[in-house]
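The values are calculated or read from the model by the stated rules, or taken from the named source; none is laboratory data. This structure is a prediction, so every number in the text was calculated from the model and none was measured. Note that we place each Cβ from the backbone using ideal geometry, even for glycine, and neighbour counts take in every protein chain shown. Note: areas computed on protein heavy atoms with side chains; ligands, DNA, RNA excluded. Shrake-Rupley method; radii C 1.70, N 1.55, O 1.52, S 1.80 Å.
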Amino acid sequence: MALNKARLDKFLAQHCQISRKNVRLMLAQNRVLINGAVAHDIDEIIDNFSHISLDGKVLQDNSAYYIMLHKPTGVVSATKDLQHKTVIDLLEFPYKNELHIVGRLDLNTSGLVLMTNDSRWSERLTLPEKKVTKRYIVTLANKLSEEYVTAFANGMYFAFEDITTKPAKLTILSDYQAQVELVEGRYHQIKRMFGRFRNPVVALHRCAIGNLVLDNQLTVGESRELSEIEVNNIDINNLPLDA
Ligand code: URA
């Protein structure tokens, strides 16, 4: 759901078909509650997830949903697809068709995928300037070397988009395996970065987004709702690139 913001007086005037003067009166009489608290301010900004009631009658009640999925390979990060099963097809929540995907994974990439109907939250997680880290485990066809660490940290120029990738942290785990942390999500970014070394990616798995770690908590194909704490803390003090 795209986030629509509005002033409280505009919302009430439209919803109740009354003048703004009468809205003032309503507020002065403590008849309006926003998220359970008495509203006093006509300028208050509300959005589509604000719970609004008048004289105990609910005027707006939209729930925000936040889901994590352990995506298998072979499933497409899309809401509809004619050829492949989609990440939405794997969910069993009754509201699943209201959700959008927060940062797609390629068909043959596995791991953590987030879905929500709250576009404010998805923007918070996907804008490069917010620097929310996405952590991947990458298995490669050829041996790694220290050169990769420097190249990832320096960023790589992608002529097609005319951008240089933001500093990425590559940690060598073994001859053929690395952990990579990115703060952005360019098209096929990891495969293209290893492509510079002519080193094909054999397997790619996203194990964390910000503070939310997949670990062993979900088996492949499983999903669950996030807790309020997970939703709020996913990008708090998330600075692993400097760690
Ligand atoms: N980089 C890729 O190349 N593919 C993904 O699915 C995610 C990051």
| query | Based on what the data block shows, is Asn30 touching a Ser or Thr at 6+ places or on another chain (Cβ under 8 Å) and exposed (fewer than 12 other Cβ atoms within 10 Å of the Cβ)? | reply | no
| said: Checking Pro94 against (1) in a loop (DSSP other than H, G, I, E, B); (2) over 24 Å from Thr219 (Cβ atoms): exactly one of these is not met. Which one? | reply: (2)
| task | For Ser110, work out the one condition from (1) touching a His at 6+ places or on another chain (Cβ under 8 Å); (2) part of a loop (DSSP other than H, G, I, E, B) it doesn't fulfil. | result | (2)
| So how many residues does the range 96-116 have that are within 10 Å of the chain's Cα centre (by Cα), more than 16 Å from the ligand (Cβ to nearest atom) and buried (at least 17 other Cβ atoms within 10 Å of the Cβ)? | 1
| message | Tally up the residues in the range 194-204 that are within 7 Å of the ligand (Cβ to nearest atom) and in a helix (DSSP H, G or I), please. | response | 0
| request: Answer yes or no: is there a residue in the range 152-164 that is at pLDDT 95 or above and in contact with an Asp or Glu (Cβ under 8 Å, 6 or more places away or on another chain). | output: no
| Name the residues in the range 18-36 that are part of a loop (DSSP other than H, G, I, E, B) and either modelled with pLDDT under 95 or among the acidic types (Asp, Glu) (or both), would you? | Ile18, Ser19, Asn35, Gly36
| query | For the range 117-150, how many residues are at pLDDT 95 or above and surrounded by fewer than 16 Cβ atoms within 10 Å (Cβ to Cβ)? | reply | 8
| note | Of the residues in the range 77-86, those that are in a loop (DSSP other than H, G, I, E, B) and within 13 Å of Asn108 (Cα to Cα) come to Ser77, His84, Lys85
| query | Of the residues that make up the range 67-76, is at least one open to solvent by less than 10 Å² (accessible area, probe 1.4 Å), touching an Asp or Glu at 6+ places or on another chain (Cβ under 7 Å), within 15 Å of the ligand (Cβ to nearest atom) and not in a loop (DSSP other than H, G, I, E, B)? | reply | no
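Listed here are the residues, each with its yes/no results for (1) surrounded by fewer than 12 Cβ atoms within 10 Å (Cβ to Cβ); (2) over 18 Å from the mean Cα position of the chain (by Cα); (3) in a loop (DSSP other than H, G, I, E, B); (4) free of Cβ contacts under 8 Å to residues at least 40 places away in the same chain.
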position: Leu170; (1), (2), (3), (4): no, yes, no, yes
position: Val180; (1), (2), (3), (4): no, yes, no, no
position: Arg192; (1), (2), (3), (4): no, yes, no, yes
position: Gln217; (1), (2), (3), (4): yes, yes, yes, yes
